[in-house]
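Read the structure below first, then the notes.
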Amino acid sequence: MLAVLLIEDDDRIRLSLSLALEDEGYTVHTAATAEEGLLRQRGEPADTVLVDLMLPGIDGFQCIRELRRDDDVPIVVVSARDDTHDIVAALEAGADDYVVKPVAVKELSARLRALRRRGRSGPSAQPGQVDLGDLQVRAQAGEVLLRGQQVTLTRTEFRLLCELAEHAGQVLSRQQLLARVWEYDFGDERLVDVHVGRLRQKIEDDPGSPRRLVTVRGLGYKMPR
């Protein structure tokens, strides 16, 4: 059974959401604060972490950064804050997905299942190796090398890079990437944009003027051959 850690300070929401997820077949651990959640994840790691942003003490953004510093566990934000700035900031802090309250549990469960499939199956594309100048993407080995030095990526970043590298020279739309990388039939395209931005921070010499992962205006993204 998939173990989920729910970090939520509202007692009513924490109880109702944990019960609903248990009905969906998940084992649910709960924490009322980021501090409690971080301790629990270090001592009894869950497969996925759900984080509210408005937490007492350490807020959700810092909680995500702390979780991401320790490991590559999938992180989903569950928050009432739906402002674009908050969504982008949470994704840039290291979250893999963002769900706005009130939560549709069936939709959340579907996203958790997609995260689990992605974690088990590895990259959606499986080339032996793709060489793009001084950038090498080795999907089967789980490695990315830039000028011979290994680049550290999250699982989502790695899958996204593998998908783009396998289709180097082709433009992939945001919806195509959502379907192939996140395995979502629909979703917020900001997920793609923020993860592309994070990838650029790691593989571009000048992220403000990218040459390895470029935007094709009105169409999507591509990696030139």
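Per-residue packing, averaged as other Cβ atoms within 10 Å, sorts the ranges 28-41, 11-24, 139-152, 87-100 into the order 87-100, 28-41, 11-24, 139-152, beginning with the highest. Here the contact order of the chain, divided by its residue count and restricted to Cα pairs under 8 Å and six or more residues apart, works out to 13 percent.
Extension gain, Lys202-Val214: 0.36 nm per intervening residue step, less the Cα-Cα distance, totals 2.9 nm. Which of rounded, prolate or oblate describes segment 1-76 when judged by the alpha-carbon gyration tensor and an a/c cut-off of 1.5? Because a/c hits 1.5 or more and a/b fails to exceed b/c, segment 1-76 counts as oblate. In the chain, helical runs assigned H by DSSP with n ≥ 4 each contribute -39500 (n - 2.57); averaged across all residues and rounded to the nearest 500, the mean residue ellipticity at 222 nm is -12500 deg cm²/dmol. Here the extension length gained between Arg117 and Glu22 equals 32.3 nm, from 0.36 nm per residue of separation less the Cα-Cα distance. When a 1.4 Å probe is rolled over the protein heavy atoms, the share of accessible surface on segment 82-225 that falls to carbon and sulfur comes to 45 percent.
The residues of segment 91-203 have, on average, 43 Å² of accessible surface per residue, using a 1.4 Å probe with all protein chains present.
Would you tally the net charge around Arg212, using a Cβ to Cβ cut-off of less than 15 Å, leaving Arg212 out, and scoring K and R as +1, D and E as -1? Summing Lys/Arg as +1 and Asp/Glu as -1 gives -1.
Tell me the relative contact order for segment 34-124 as a rounded percent, counting alpha carbon contacts under 8 Å between residues six or more apart. Value for segment 34-124: 24 percent. Between Val100 and Thr152, the FRET efficiency estimated from the beta carbon spacing at R0 = 25 angstrom works out to 0.25. Taking a sphere under 13 Å around the Cβ of Leu132 and counting the other residues whose Cβ falls inside, with K and R at +1 and D and E at -1, yields a net charge of +2. Ordered from longest to shortest, the equivalent ellipsoid semi-axes for the chain are 31, 17, 17 Å, each the square root of 5 times a Cα gyration tensor eigenvalue.
The values are calculated or read from the model by the stated rules, or taken from the named source; none is laboratory data. All values derive from a computational prediction rather than experimental measurement. Every residue, glycine among them, receives a Cβ derived from its backbone with ideal geometry; neighbour counts consider all protein chains shown. When the accessible area is computed, the model is the full protein with side chains, heavy atoms only, and any ligands, DNA or RNA have been set aside. Shrake-Rupley method; radii C 1.70, N 1.55, O 1.52, S 1.80 Å.
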